[in-house]
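Student: Structure below; questions to follow.
The values are calculated or read from the model by the stated rules, or taken from the named source; none is laboratory data. Keep in mind the model is a prediction, meaning the values are calculated, not measured. Counting neighbours? That spans all protein chains shown, and the Cβs are built from the backbone with ideal geometry, glycine included.
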Amino acid sequence: MKWLSLVILIGLFVLISIYVGKYMYSILFKTKSFMDPVMDKVDNAIYKLAGIEEQEMNWKEYIKALITTNIVMIVVIFILLMVQQFIVGATNLSLNMNWHTAFNTAISFMTNTNLQDYTGELNLTNISQMIVIIFMMFTSAATGFAASGAFIKGITGHELGNFYKDLIRIITRLLLPVSIIVSIIMIWQGVPQTLQAHKVVQTLEGGTQTLAYGPVAALESIKHLGTNGGGFFGANSAHPFENPTPITNILEILLMMFTPGAYFYVFGKATKNKKQGVALFSAALILFLAVIPIMYHFESLGNPVMNNIGITNTLGNMEGKEVRFGMFDSSLFSVVTTAFTTGSVNNMHDSLTPIGGAITMWNMMLNVVFGGKGVGFMNLIIYAMLAVFICGLMVGRTPEFLRRKIEGKEMKLMAAVILIHPILILLPTALATATGQASLSGYHGLSQVLYQFTTSAANNGSGFEGLKDTTVFWNVSTGIVMFLGRYVSMILLLALAGSMKEKRLVAEGAVSFRTDTSLFVGVLIAVILVIGALTFLPVLVLGPGAEFLTIG
């Protein structure tokens, strides 16, 4: 039954990708849609109020507008977090967030990472949850969507558009409407939505308990739709107020998958060859499906330490997992949240088996398995262009992608995009390990450090929460990694899109290497695996690999 449910989930994912892709194409390329009669008036009013002019931007203007807007929001949010106790008139000392946690949080949510070195129900007010966290979940997701849309336009020969208009259209036409609908469903399933901060209830023992709650449903909807991942509560989607039922669990999984697959449809339509999108989608889907049975198998085997001392195990490794979700749904959620770079969790990743933990890191290290807000798609395009380049070298032809030549400038940009990710993971991991920043010694201690920088560089936000990451070192170092991982990649990718846009189309010959065939899908997967294995396999062997071999 569990595998049948996976087949149904994938079927729904494919259908959602097609129909959401059609709608997203209308948003990004400004074609007609059913929302135009209402939303054109709303958007035009916002343009007029904000003084946004009707002009196209080149890649430099686009990235300048994007980064400037994001930095301004980071500064404002940092200030709001530092003075939140005065905004609400509260005297609770737990609201007095220190500067390095505020620094980390502001960058984390603006980069769509949502790494949380604080506990939401203790360290934020409901007003802070709304004007800081939920606000940034919308704007950071829309920023990613806009950048991905501009990238698609550029590599397919279209004008990149206007960042400010793209940002507004994505929020008003996609993120807000869907979030409102999902919030209503969440409320129906028992997720709280209130401005009250606490509720005192009577326990079964006759005592009283104070429960924290607030506008949870509003946060939960955009948290997954925007592949943000940050939770209202410290336990994230393992908390019954965030994810109370099997219906909300599958809804959250589908929301994480709602837009990433749609970019492949947008790309296919932009190239006027939908097979291009299908080929890339197939490669990502194969990489995604390949790790699900591995994760489930090793989690089902249980904890080797417990097994070796003779404790009967029929449920698998249930440490850190919720009984209401069970082994399969927990394993699937972990794969989805790291493949689609969301970062929300319905179980604790630090309690996964060594191979289970390695799978979550592998998804983030590759950063091409769909990803969130088009991130996986853009990185997959880089690997596709690299595959074309390698194949071109083999036959002595100048490599071409979408009938545009890949030359020295493009190769340098592609190499930089591919290298920045492992640099931001491996160098800080080595630094933290060498300076004794790990919370644990041994192989699992290395895995915790490696996971923290992997999730930061990939803008994922999940964590091995046994790591004591509330220090100045961890807040500042991961903040820097998140910032560079987000914006350096965006600069390079949009520079590549701008370069490809200016190239002349070359005639497609009989010997041209087609990128819309099953052969190319195989070549693309091979290139991804070879580069991924050469880059990250050694450190995975030192961490989770060695732990697996020693505790078994």
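Student: Scan region 31-59 for residues that are closer than 20 Å to PHE145 by Cβ and touching a residue at least 40 places away in the same chain (Cβ under 8 Å) and report the count.
Tutor: 13
Student: Same structure again: Could you say whether any residue in region 498-507 is of a type in the set (A, V, I, L, M, F, W, C) and either touching a Ser or Thr at 6+ places or on another chain (Cβ under 8 Å) or under 28 Å from GLU547 (Cα atoms) (or both)?
Tutor: First pass over region 498-507, keeping only residues of a type in the set (A, V, I, L, M, F, W, C): 500, 505-507.
Among the residues that remain, those that are also either touching a Ser or Thr at 6+ places or on another chain (Cβ under 8 Å) or under 28 Å from GLU547 (Cα atoms) (or both) are: none.
Checked against the condition, which is being of a type in the set (A, V, I, L, M, F, W, C) and either touching a Ser or Thr at 6+ places or on another chain (Cβ under 8 Å) or under 28 Å from GLU547 (Cα atoms) (or both), region 498-507 yields no hits at all.
Student: In addition: If you check PHE370 against the conditions, is it within 23 Å of GLY226 (Cα to Cα), aromatic (Phe, Trp, Tyr), in contact (Cβ under 8 Å) with a residue 24 or more places away in the chain and outside any helix (DSSP H, G or I)? Even if it seems obvious, please write down each step before you answer.
Tutor: Working: within 23 Å of GLY226 (Cα to Cα): yes; aromatic (Phe, Trp, Tyr): yes; in contact (Cβ under 8 Å) with a residue 24 or more places away in the chain: yes; outside any helix (DSSP H, G or I): yes.
The answer is yes for PHE370.
Student: I would also like to ask the following. Tell me the residue from ILE74, ILE16, ILE8, ILE107 that is without any contact (Cβ under 8 Å) to a residue 40 or more places away in the chain, buried (at least 16 other Cβ atoms within 10 Å of the Cβ) and farther than 18 Å from GLY161 by Cβ, please.
Tutor: Being without any contact (Cβ under 8 Å) to a residue 40 or more places away in the chain, buried (at least 16 other Cβ atoms within 10 Å of the Cβ) and farther than 18 Å from GLY161 by Cβ holds for just one of ILE74, ILE16, ILE8, ILE107, which is ILE74.
Student: May I pose another question? What number of residues within region 395-432 satisfy the criterion of being polar (S, T, N, Q) and under 26 Å from the mean Cα position of the chain (by Cα)? Write out each step before concluding.
Tutor: So the first thing to find is which residues in region 395-432 are polar (S, T, N, Q), and the list is 398, 429.
Now narrow it down to the ones that are under 26 Å from the mean Cα position of the chain (by Cα): 429.
Residues in region 395-432 being polar (S, T, N, Q) and under 26 Å from the mean Cα position of the chain (by Cα): 1 in total.
Student: What do you reckon, is LEU413 out of contact with any strand residue (DSSP E or B) (no Cβ under 7 Å at 6 or more places or on another chain), outside any loop (DSSP other than H, G, I, E, B), of a type outside the set (Phe, Trp, Tyr) and free of Cβ contacts under 8 Å to residues at least 40 places away in the same chain? Before you say what the answer is, go through the steps one by one.
Tutor: Details: out of contact with any strand residue (DSSP E or B) (no Cβ under 7 Å at 6 or more places or on another chain): yes; outside any loop (DSSP other than H, G, I, E, B): yes; of a type outside the set (Phe, Trp, Tyr): yes; free of Cβ contacts under 8 Å to residues at least 40 places away in the same chain: no.
No; evaluated as a whole, the condition is false for this residue.
Student: Criterion first (closer than 22 Å to ALA283 by Cβ, surrounded by fewer than 18 Cβ atoms within 10 Å (Cβ to Cβ) and modelled with pLDDT of 95 or more) does ILE480 satisfy it? Walk me through it before giving the result.
Tutor: Working: closer than 22 Å to ALA283 by Cβ: no; surrounded by fewer than 18 Cβ atoms within 10 Å (Cβ to Cβ): yes; modelled with pLDDT of 95 or more: yes.
No; evaluated as a whole, the condition is false for this residue.
Student: In region 102-133, how many residues are assigned to a helix (DSSP H, G or I), farther than 22 Å from THR69 by Cα and β-branched (Val, Ile, Thr)? Step through it out loud before you land on a result.
Tutor: Filtering region 102-133 down to residues assigned to a helix (DSSP H, G or I) leaves 102-110, 120-123, 126-133.
If we keep only those that are farther than 22 Å from THR69 by Cα as well, we get 120-123, 126-127.
Okay, now just the ones that are also β-branched (Val, Ile, Thr), so 127.
Summing the residues that are assigned to a helix (DSSP H, G or I), farther than 22 Å from THR69 by Cα and β-branched (Val, Ile, Thr) in region 102-133 gives 1.
Student: Scan region 151-160 and give yes if some residue there is in a helix (DSSP H, G or I) and of a type in the set (S, T, N, Q), otherwise no. Let's see the steps before the verdict.
Tutor: Taking region 151-160 as the starting set, the residues that turn out to be in a helix (DSSP H, G or I) are 151-155.
Imposing the further condition that a residue be of a type in the set (S, T, N, Q) reduces the set to none.
Checking region 151-160: not a single residue is in a helix (DSSP H, G or I) and of a type in the set (S, T, N, Q).
Student: Is there any pair with a first residue in region 422-445 that is closer than 19 Å to ASN475 by Cβ and a second that is modelled with pLDDT of 95 or more and aromatic (Phe, Trp, Tyr) whose Cβ atoms are under 6 Å apart and which are 6 or more apart or on different chains, and what are they?
Tutor: ILE425/PHE453; PRO428/PHE453; THR429/PHE453; GLN437/PHE473
Student: Has region 517-538 got at least one residue that is over 26 Å from the mean Cα position of the chain (by Cα), in contact (Cβ under 8 Å) with a residue 12 or more places away in the chain and farther than 23 Å from VAL291 by Cβ?
Tutor: Yes: one or more hits.
Student: Taking the stated definitions as given, is ALA262 out of contact with any strand residue (DSSP E or B) (no Cβ under 9 Å at 6 or more places or on another chain), crowded, with 20+ Cβ neighbours inside 10 Å and free of Cβ contacts under 8 Å to residues at least 24 places away in the same chain? Steps first, answer last, please.
Tutor: On the way: out of contact with any strand residue (DSSP E or B) (no Cβ under 9 Å at 6 or more places or on another chain): yes; crowded, with 20+ Cβ neighbours inside 10 Å: yes; free of Cβ contacts under 8 Å to residues at least 24 places away in the same chain: no.
Against the criterion (out of contact with any strand residue (DSSP E or B) (no Cβ under 9 Å at 6 or more places or on another chain), crowded, with 20+ Cβ neighbours inside 10 Å and free of Cβ contacts under 8 Å to residues at least 24 places away in the same chain), ALA262 does not qualify.
Student: Also, quick follow-up: Tally time: how many residues in region 391-410 are assigned to a helix (DSSP H, G or I) and touching a residue at least 24 places away in the same chain (Cβ under 8 Å)? Don't jump to the end; show me each part of the working.
Tutor: Within region 391-410, the subset assigned to a helix (DSSP H, G or I) is 391-395, 408-410.
This time we only want the ones that are touching a residue at least 24 places away in the same chain (Cβ under 8 Å), so: 391-392, 395, 409-410.
Qualifying residue count for the region: 5.
Student: So which residues in region 235-267 are part of a loop (DSSP other than H, G, I, E, B) and among the β-branched types (Val, Ile, Thr), if there are any at all?
Tutor: If we filter region 235-267 for residues that are part of a loop (DSSP other than H, G, I, E, B), which is where we start, we get 235, 239-245, 257-261.
Matches in region 235-267: THR245, THR259.
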